[in-house]
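A.B. asks: Questions regarding the structure given below will be posed in turn.
The values are calculated or read from the model by the stated rules, or taken from the named source; none is laboratory data. This one's a predicted model, so the numbers in the text were calculated from it and none came from an experiment. No Cβ is skipped: glycine too gets one built from the backbone with ideal geometry, and neighbour counts run over all protein chains shown. Protein only, heavy atoms only, side chains kept; ligands, DNA and RNA dropped before computing areas. Shrake-Rupley method; radii C 1.70, N 1.55, O 1.52, S 1.80 Å.
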Amino acid sequence: MNTQHPLFDLTDKRALITGSSQGIGLALAQALASAGAHVIINGRDAAKCERVAAAFTARGETASVRAFDVTDHAATQANIDSIERDIGAIDILVNNTGIQIRNAFIEFPLGDFQRLFDTNVTSAFAVSQAVVRHMLLRGRGKIINVCSVNSELGRANIAPYVASKGALKMLTKSMCVELAKYGIQVNGLGPGYFDTELTQALVQNPEFTTWLKQRTPAGRWGKVEELMGAIIFLAAPASDFVNGHILYVDGGMTAGV
(Lines give C-alpha, C1' and ligand atoms only; values in the text may rest on other atoms or scores of the structure.)
Protein backbone atom coordinates (compact mmCIF):
# COMPACT_ATOMS: atom_id res chain seq x y z
CA MET A 1 0.00 0.00 0.00
CA ASN A 2 1.34 3.45 -0.91
CA THR A 3 1.49 5.52 2.27
CA GLN A 4 3.07 8.56 0.58
CA HIS A 5 1.23 11.78 1.37
CA PRO A 6 -0.37 12.94 -1.91
CA LEU A 7 1.30 16.35 -1.68
CA PHE A 8 4.71 14.62 -1.75
CA ASP A 9 3.87 11.66 -3.99
CA LEU A 10 5.93 11.43 -7.19
CA THR A 11 4.53 8.11 -8.41
CA ASP A 12 4.46 7.94 -12.23
CA LYS A 13 6.62 11.05 -12.53
CA ARG A 14 9.89 10.99 -14.46
CA ALA A 15 12.84 13.01 -13.16
CA LEU A 16 16.06 13.79 -15.00
CA ILE A 17 18.87 14.67 -12.60
CA THR A 18 22.04 15.86 -14.31
CA GLY A 19 25.32 14.83 -12.74
CA SER A 20 23.60 12.17 -10.65
CA SER A 21 26.14 9.34 -10.65
CA GLN A 22 27.75 10.58 -7.42
CA GLY A 23 27.69 13.14 -4.63
CA ILE A 24 24.78 15.49 -4.11
CA GLY A 25 23.23 14.59 -7.47
CA LEU A 26 23.03 10.93 -6.48
CA ALA A 27 21.45 11.85 -3.13
CA LEU A 28 18.84 13.96 -4.92
CA ALA A 29 18.06 11.09 -7.29
CA GLN A 30 17.69 8.74 -4.32
CA ALA A 31 15.28 11.16 -2.68
CA LEU A 32 13.07 11.46 -5.75
CA ALA A 33 13.08 7.70 -6.28
CA SER A 34 12.06 7.16 -2.67
CA ALA A 35 9.00 9.35 -3.34
CA GLY A 36 8.03 7.16 -6.30
CA ALA A 37 9.68 8.90 -9.27
CA HIS A 38 11.30 7.13 -12.18
CA VAL A 39 14.77 8.68 -12.08
CA ILE A 40 16.98 9.19 -15.10
CA ILE A 41 20.63 9.01 -14.12
CA ASN A 42 22.99 11.28 -16.03
CA GLY A 43 26.74 11.71 -16.17
CA ARG A 44 29.58 11.41 -18.65
CA ASP A 45 30.69 7.92 -17.50
CA ALA A 46 28.13 5.50 -18.95
CA ALA A 47 29.41 2.49 -16.99
CA LYS A 48 29.22 4.38 -13.70
CA CYS A 49 25.69 5.55 -14.49
CA GLU A 50 24.66 1.97 -15.26
CA ARG A 51 26.02 0.76 -11.92
CA VAL A 52 24.11 3.48 -10.10
CA ALA A 53 20.87 2.67 -11.94
CA ALA A 54 21.32 -1.03 -11.16
CA ALA A 55 21.45 -0.19 -7.44
CA PHE A 56 18.12 1.63 -7.76
CA THR A 57 16.43 -1.27 -9.52
CA ALA A 58 17.85 -3.70 -6.96
CA ARG A 59 15.92 -1.75 -4.31
CA GLY A 60 12.72 -2.03 -6.33
CA GLU A 61 12.90 1.54 -7.64
CA THR A 62 12.76 2.51 -11.30
CA ALA A 63 15.71 4.10 -13.04
CA SER A 64 17.04 4.68 -16.54
CA VAL A 65 20.37 5.96 -17.83
CA ARG A 66 21.21 8.72 -20.26
CA ALA A 67 24.96 9.31 -20.27
CA PHE A 68 25.93 12.53 -22.02
CA ASP A 69 27.97 15.66 -21.42
CA VAL A 70 25.60 18.52 -20.61
CA THR A 71 28.12 21.01 -22.00
CA ASP A 72 27.70 19.39 -25.44
CA HIS A 73 24.56 21.18 -26.60
CA ALA A 74 23.89 18.98 -29.63
CA ALA A 75 24.14 15.85 -27.46
CA THR A 76 21.90 17.50 -24.87
CA GLN A 77 19.13 18.22 -27.35
CA ALA A 78 19.36 14.75 -28.89
CA ASN A 79 19.23 13.01 -25.51
CA ILE A 80 16.32 15.08 -24.19
CA ASP A 81 14.33 14.26 -27.32
CA SER A 82 15.31 10.59 -26.92
CA ILE A 83 14.15 10.51 -23.29
CA GLU A 84 10.82 12.06 -24.21
CA ARG A 85 10.35 9.57 -27.03
CA ASP A 86 11.66 6.37 -25.44
CA ILE A 87 11.16 6.77 -21.67
CA GLY A 88 8.38 9.32 -21.38
CA ALA A 89 7.70 12.91 -20.48
CA ILE A 90 10.25 14.61 -18.26
CA ASP A 91 8.07 15.92 -15.43
CA ILE A 92 10.96 17.05 -13.22
CA LEU A 93 14.35 18.43 -14.23
CA VAL A 94 17.11 18.88 -11.67
CA ASN A 95 20.06 20.84 -13.03
CA ASN A 96 22.70 19.58 -10.65
CA THR A 97 25.87 19.34 -12.76
CA GLY A 98 28.58 21.62 -11.45
CA ILE A 99 32.31 21.90 -10.93
CA GLN A 100 34.57 23.81 -8.60
CA ILE A 101 38.02 25.21 -9.43
CA ARG A 102 39.99 27.06 -6.76
CA ASN A 103 42.63 29.68 -7.40
CA ALA A 104 43.53 33.20 -6.34
CA PHE A 105 41.57 35.82 -8.27
CA ILE A 106 44.62 37.43 -9.84
CA GLU A 107 45.99 34.06 -10.99
CA PHE A 108 42.74 32.49 -12.20
CA PRO A 109 43.11 31.38 -15.86
CA LEU A 110 40.42 32.74 -18.17
CA GLY A 111 39.96 29.26 -19.62
CA ASP A 112 39.04 27.90 -16.18
CA PHE A 113 36.61 30.78 -15.66
CA GLN A 114 34.90 29.92 -18.94
CA ARG A 115 34.85 26.21 -18.09
CA LEU A 116 33.11 26.97 -14.78
CA PHE A 117 30.43 29.02 -16.48
CA ASP A 118 29.95 26.48 -19.27
CA THR A 119 29.39 23.73 -16.71
CA ASN A 120 27.56 25.55 -13.93
CA VAL A 121 25.39 28.00 -15.86
CA THR A 122 25.32 27.45 -19.62
CA SER A 123 24.54 23.75 -19.26
CA ALA A 124 21.57 24.52 -16.98
CA PHE A 125 20.28 27.00 -19.56
CA ALA A 126 20.71 24.56 -22.45
CA VAL A 127 19.23 21.52 -20.70
CA SER A 128 16.30 23.58 -19.42
CA GLN A 129 15.64 25.03 -22.84
CA ALA A 130 15.54 21.55 -24.41
CA VAL A 131 13.23 20.22 -21.68
CA VAL A 132 10.95 23.27 -21.57
CA ARG A 133 10.13 22.89 -25.27
CA HIS A 134 8.38 19.66 -24.28
CA MET A 135 6.95 20.92 -20.97
CA LEU A 136 5.23 23.82 -22.73
CA LEU A 137 3.20 21.39 -24.81
CA ARG A 138 1.91 19.75 -21.62
CA GLY A 139 1.37 22.91 -19.59
CA ARG A 140 3.22 21.62 -16.54
CA GLY A 141 6.67 20.86 -15.17
CA LYS A 142 9.13 21.31 -12.33
CA ILE A 143 12.66 22.61 -12.77
CA ILE A 144 15.08 22.77 -9.83
CA ASN A 145 18.46 24.42 -10.31
CA VAL A 146 21.07 23.43 -7.75
CA CYS A 147 22.48 26.71 -6.55
CA SER A 148 24.65 27.19 -3.46
CA VAL A 149 25.19 29.33 -0.40
CA ASN A 150 27.71 30.94 -2.73
CA SER A 151 24.77 32.23 -4.72
CA GLU A 152 24.60 34.72 -1.82
CA LEU A 153 28.01 34.69 -0.16
CA GLY A 154 31.51 35.18 -1.50
CA ARG A 155 34.66 33.38 -0.36
CA ALA A 156 38.32 33.78 -1.18
CA ASN A 157 39.86 31.82 -4.07
CA ILE A 158 36.54 30.82 -5.70
CA ALA A 159 35.40 34.10 -7.29
CA PRO A 160 34.36 32.52 -10.65
CA TYR A 161 32.43 29.75 -8.86
CA VAL A 162 30.61 32.34 -6.74
CA ALA A 163 29.84 34.34 -9.87
CA SER A 164 28.49 31.24 -11.62
CA LYS A 165 26.21 30.32 -8.72
CA GLY A 166 24.97 33.90 -8.45
CA ALA A 167 24.18 33.78 -12.16
CA LEU A 168 22.34 30.49 -11.71
CA LYS A 169 20.21 32.07 -8.96
CA MET A 170 19.19 34.91 -11.26
CA LEU A 171 18.62 32.51 -14.19
CA THR A 172 16.22 30.65 -11.87
CA LYS A 173 14.29 33.80 -11.07
CA SER A 174 14.16 34.92 -14.70
CA MET A 175 12.97 31.50 -15.86
CA CYS A 176 10.21 31.70 -13.26
CA VAL A 177 9.06 35.08 -14.50
CA GLU A 178 8.80 33.80 -18.06
CA LEU A 179 7.53 30.25 -17.51
CA ALA A 180 5.22 30.36 -14.47
CA LYS A 181 2.20 31.31 -16.56
CA TYR A 182 2.63 28.07 -18.50
CA GLY A 183 2.33 25.90 -15.38
CA ILE A 184 6.07 25.39 -14.97
CA GLN A 185 7.60 25.98 -11.53
CA VAL A 186 11.28 26.95 -11.49
CA ASN A 187 13.06 27.03 -8.15
CA GLY A 188 16.53 26.65 -6.74
CA LEU A 189 18.01 24.39 -4.09
CA GLY A 190 20.89 26.03 -2.22
CA PRO A 191 23.07 23.55 -0.35
CA GLY A 192 25.52 24.75 2.23
CA TYR A 193 28.68 22.78 2.92
CA PHE A 194 28.06 19.03 2.70
CA ASP A 195 30.31 16.09 3.45
CA THR A 196 30.59 14.21 0.14
CA GLU A 197 33.33 12.40 -1.76
CA LEU A 198 33.87 15.62 -3.71
CA THR A 199 34.53 17.75 -0.62
CA GLN A 200 36.86 15.37 1.23
CA ALA A 201 39.88 17.64 0.83
CA LEU A 202 38.01 20.34 2.75
CA VAL A 203 36.42 17.95 5.25
CA GLN A 204 39.86 16.60 6.12
CA ASN A 205 41.40 20.05 6.39
CA PRO A 206 41.28 20.89 10.13
CA GLU A 207 41.63 24.63 9.55
CA PHE A 208 38.76 24.75 7.06
CA THR A 209 36.50 22.51 9.15
CA THR A 210 37.13 24.64 12.23
CA TRP A 211 36.20 27.76 10.25
CA LEU A 212 33.09 26.05 8.87
CA LYS A 213 31.85 24.99 12.29
CA GLN A 214 32.31 28.51 13.63
CA ARG A 215 30.65 30.10 10.58
CA THR A 216 27.62 27.78 10.46
CA PRO A 217 25.04 28.22 13.24
CA ALA A 218 24.41 24.46 13.26
CA GLY A 219 28.13 24.00 13.93
CA ARG A 220 28.80 21.13 11.54
CA TRP A 221 29.00 19.84 7.97
CA GLY A 222 25.71 18.87 6.33
CA LYS A 223 24.80 15.28 5.51
CA VAL A 224 23.53 14.67 1.97
CA GLU A 225 20.40 12.94 3.25
CA GLU A 226 19.42 16.29 4.78
CA LEU A 227 18.77 17.56 1.25
CA MET A 228 16.19 14.88 0.54
CA GLY A 229 13.13 16.57 2.03
CA ALA A 230 13.85 19.83 0.27
CA ILE A 231 14.21 18.30 -3.20
CA ILE A 232 11.05 16.22 -2.78
CA PHE A 233 9.14 19.35 -1.73
CA LEU A 234 10.36 21.34 -4.74
CA ALA A 235 9.54 18.48 -7.13
CA ALA A 236 6.14 17.58 -5.69
CA PRO A 237 2.61 19.06 -5.80
CA ALA A 238 3.31 20.59 -2.36
CA SER A 239 5.25 23.38 -4.11
CA ASP A 240 2.83 24.09 -6.96
CA PHE A 241 2.57 27.79 -5.99
CA VAL A 242 6.24 28.15 -5.03
CA ASN A 243 8.10 29.77 -7.90
CA GLY A 244 11.36 31.65 -8.30
CA HIS A 245 12.43 30.71 -4.77
CA ILE A 246 15.87 29.56 -3.62
CA LEU A 247 15.54 27.10 -0.75
CA TYR A 248 18.76 27.17 1.26
CA VAL A 249 19.66 24.04 3.21
CA ASP A 250 22.74 25.33 4.94
CA GLY A 251 22.54 24.92 8.70
CA GLY A 252 21.80 28.65 8.97
CA MET A 253 24.91 29.94 7.19
CA THR A 254 23.03 32.51 5.11
CA ALA A 255 21.10 33.75 8.16
CA GLY A 256 23.92 35.66 9.83
CA VAL A 257 27.40 37.09 9.68
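A.B. asks: Which ones in segment 52-78 are more than 24 Å from Thr11 (Cβ to Cβ), touching a residue at least 24 places away in the same chain (Cβ under 8 Å) and of a type outside the set (Gly, Ala, Ser)?
C.D. replies: Phe68, Asp69, Val70, Thr71, His73, Thr76, Gln77
A.B. asks: With the checklist (1) surrounded by 15 or more Cβ atoms within 10 Å (Cβ to Cβ); (2) assigned to a helix (DSSP H, G or I) in hand, flag the one item Glu178 doesn't pass.
C.D. replies: Answer for Glu178: the failing condition is (1).
A.B. asks: Looking at segment 218-237, is at least one residue among the basic types (Lys, Arg) and over 30 Å from Gly141 (Cα atoms)?
C.D. replies: Yes: segment 218-237 contains one or more residues that are among the basic types (Lys, Arg) and over 30 Å from Gly141 (Cα atoms).
A.B. asks: May I pose another question? Restrict the check to segment 135-145 and report whether at least one residue is over 15 Å from Met253 (Cα atoms), in a loop (DSSP other than H, G, I, E, B), open to solvent by less than 60 Å² (accessible area, probe 1.4 Å) and not basic (Lys, Arg).
C.D. replies: Within segment 135-145 (the criterion being over 15 Å from Met253 (Cα atoms), in a loop (DSSP other than H, G, I, E, B), open to solvent by less than 60 Å² (accessible area, probe 1.4 Å) and not basic (Lys, Arg)), the answer is yes, since at least one residue qualifies.
A.B. asks: Still on this structure, I have one more. Which members of segment 189-212 meet the condition of being in contact (Cβ under 8 Å) with a residue 40 or more places away in the chain, open to solvent by 30 Å² or more (accessible area, probe 1.4 Å) and outside any helix (DSSP H, G or I)?
C.D. replies: Tyr193
A.B. asks: Could you tell me whether segment 208-221 includes any residue that is basic (Lys, Arg) and within 27 Å of Lys13 (Cβ to Cβ)?
C.D. replies: There is no residue in segment 208-221 that is basic (Lys, Arg) and within 27 Å of Lys13 (Cβ to Cβ).
A.B. asks: While we're looking at this one, here's another question. Give the residue, chosen from Leu227, Leu168, that is under 30 Å from Glu107 (Cα atoms), open to solvent by less than 10 Å² (accessible area, probe 1.4 Å), part of a helix (DSSP H, G or I) and in contact (Cβ under 8 Å) with a residue 12 or more places away in the chain.
C.D. replies: It is Leu168.
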